[in-house]
Amino acid sequence: MRRDMLLWLVLGAIAIGSALLLFSEDSGRVLGIEDEIFAHTLYLGTLGVVIAAGILGSGLRFGQAVRSAALWLAIVLILVAGYQYRYEIQDVASRVSAGLVPGSPLSRTDADGRISVLLERLGNGHFEVRAVINDASVPVMIDTGATSTVLTYDDARRAGLNPQNLAYNIPVMTANGRTHAARATADEIRVGDIVRKRVPVLVADTGRLERSLLGMNFIGTLSGFDMRGERLILRD
């Protein structure tokens, strides 16, 4: 009987709180409290009552009930803390990934929704990143001196560009000397959370380019980029 009464009290509190939120939509406040804070308080209060009712109704002794309540409180606090610090946790995870896998990008999104990607300088002195081109992971070197994005023959094949069917009639100069490249279009190039669609690229003939290059036809679409010590920051 008591459980039924408690259930109806909880349901009644939820209904009254929801009604107050609904009717205060224009003012933005409920009983002098901001809507968002009131809604969070109502949710947490209801959750607390439900957990308390479950513990008390389980027939546990007082000491066991206190330990169970403390355990549930700890779980709730961990979940809330994890949600509040989700971006910081993601940042730490990305840093660990960048340390374990060289070239892993670290993406951040600010309060205005603007994306930035941080890259660490590698031991060879260059900034390289594992880009995703047409769903294929491709290591590319950031080259602000390159007008176009240039892919090696093998990277183009992994990206599904079928380099064996391209016409290599564009003269280019590489570290290995003068050669010819072919025009192609990547459906998508992704660097961290920065994405560009339908990006024109050049494909070097087989064996003529050691490393794919991310050129200014991608970098130039960004709002900016800057170097801070051993870091390069790309801003969408």
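Since every read-out is calculated from the coordinates, none of them should be taken as a lab result. Because the structure is predicted, anything quoted here is derived from the model rather than measured.
Taking H as built 1.01 Å from N, whose amide H comes closer than 5 Å to the amide H of VAL138, not counting residues under 5 places away?
Distant-sequence amide H within range of VAL138: ALA131, VAL132, ILE133.
Give the long-range amide H neighbours of HIS180: residues separated by 5 or more places, or on another chain, with amide H under 5 Å away, using H modelled in the peptide plane at 1.01 Å from N.
VAL172, ASP205
Would you mind calculating the gained length between SER137 and VAL195 on full extension (0.36 nm times residue separation, minus the Cα-Cα distance), in nm to one decimal? Mind dumping the intermediate values first?
Numbers: separation 58, 0.36 × 58 = 20.88 nm, distance 1.38 nm.
Working it through step by step, the gained length comes to 19.5 nm.
Starting from the Cα-Cα distance between THR185 and ARG157, subtract it from 0.36 nm times their residue separation and give me the gain in nm to one decimal.
On the way: separation 28, 0.36 × 28 = 10.08 nm, distance 1.27 nm.
Value of the extension gain: 8.8 nm.
Taking amide hydrogens as modeled 1.01 Å from N in the peptide plane, which residues meet the under 5 Å criterion relative to ALA186, leaving out close sequence neighbours?
VAL199, VAL201
Each residue of the stretch 202-219 in turn: what ³J(HN,Hα) in whole Hz from Karplus with 6.51, -1.76, 1.60 and θ = phi - 60°, glycine and Pro shown as x?
10, 10, 6, 5, 4, x, 9, 9, 7, 9, 5, 10, 9, x, 6, 6, 9, 4
Quick one: length gained pulling ILE16 to THR221 fully straight, 0.36 nm per residue minus the C-alpha distance? It would help to have the intermediate numbers written out before the result.
On the way: separation 205, 0.36 × 205 = 73.80 nm, distance 5.19 nm.
Using 0.36 nm per residue and subtracting the Cα-Cα distance, I get 68.6 nm.
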